[in-house]
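Reviewing the structure listed below.
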Amino acid sequence: MKQGSKGTLGKYFVVAAVRTGDPDFLSREIKACREQHNFTKADEIKFSKVTKHSGPVLLEIFQTAVNAGCSFGAFVLDKRHFDPWSSREQWQGHLFATDRLLRGLVTRREVGVVLLDHIDVPVGVSYGDALVNSLNQRFGNKRFATAVSLDSRMCPALQVADLLASSVFHARKKIEDVGLEAFLEDRSPKARLSKGIAAALGESHFSDCRTSLLKIETSHERSLTELKRQRYS
């Protein structure tokens, strides 16, 4: 599984993952797609830098991951319900959201390995180890073998996860700001890419869903109770 995130400073924080049984094949397929379109100069595939010219290429890169047999997940943390960063360190807020995301993406008969986008943590802290311990303790068995943080520039699949996280974040923010109809009619490069990625996953605007291809969950008031329980345990 590959994880990326978007929106630490806004009302929403979105963390997303790409689930694959063959990460090497996925990386090679993405590389081939980029080479086919001569889209190899940029270090990363960035939603924030999309233009009317690069948008179709970014969408095809995402479609390549879909065609490679991946499934996808996103967790939307609405910080108006609670903000895990208000009383915790930055990395602990990330861990809380990532834990919530990954719980729903592994089955009882699987053991997962997580590739994470690198974030800063205090010296002596293993973010991957803390995440795996949190997940396995919650499940009561070993569902995740290990987690490792990587530079996303070196991992195409992490960039695809970031595309999804950014697309969900953009859609949720714009729909709240201008309404669903205006978002669906928006022809800007970011809106078109967000809607294109949603369509590639069988959706229109990233509302909460649970399909074989995509799982999206938004935090709710009860999440605050869970957070407090973790804080004082």
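Conditions (1) outside any strand (DSSP E or B); (2) of a type in the set (Val, Ile, Thr), marked per residue:
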site: 102; (1), (2): yes, no
site: 109; (1), (2): yes, no
site: 113; (1), (2): no, yes
site: 119; (1), (2): yes, yes
site: 124; (1), (2): yes, no
site: 133; (1), (2): yes, no
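Each residue in region 120-136 was checked for being surrounded by 15 or more Cβ atoms within 10 Å (Cβ to Cβ) and touching a residue at least 24 places away in the same chain (Cβ under 8 Å), and 6 pass. Scanning region 68-100 for residues that are part of a helix (DSSP H, G or I), buried (at least 17 other Cβ atoms within 10 Å of the Cβ) and polar (S, T, N, Q) yields 92, 98. Any residue that is in contact with a strand residue (DSSP E or B) (Cβ under 9 Å, 6 or more places away or on another chain), of a type in the set (Phe, Trp, Tyr) and farther than 22 Å from residue 22 by Cβ - is there at least one of those in region 89-100? Yes; the residues of region 89-100 include at least one that is in contact with a strand residue (DSSP E or B) (Cβ under 9 Å, 6 or more places away or on another chain), of a type in the set (Phe, Trp, Tyr) and farther than 22 Å from residue 22 by Cβ.
Computed from the coordinates by the stated procedures, all read-outs in this text should not be read as laboratory data. These numbers come from a predicted model, not from an experiment. Here the Cβ is made from the backbone with ideal geometry for all residues, glycine too, and neighbour counts use every protein chain on show.
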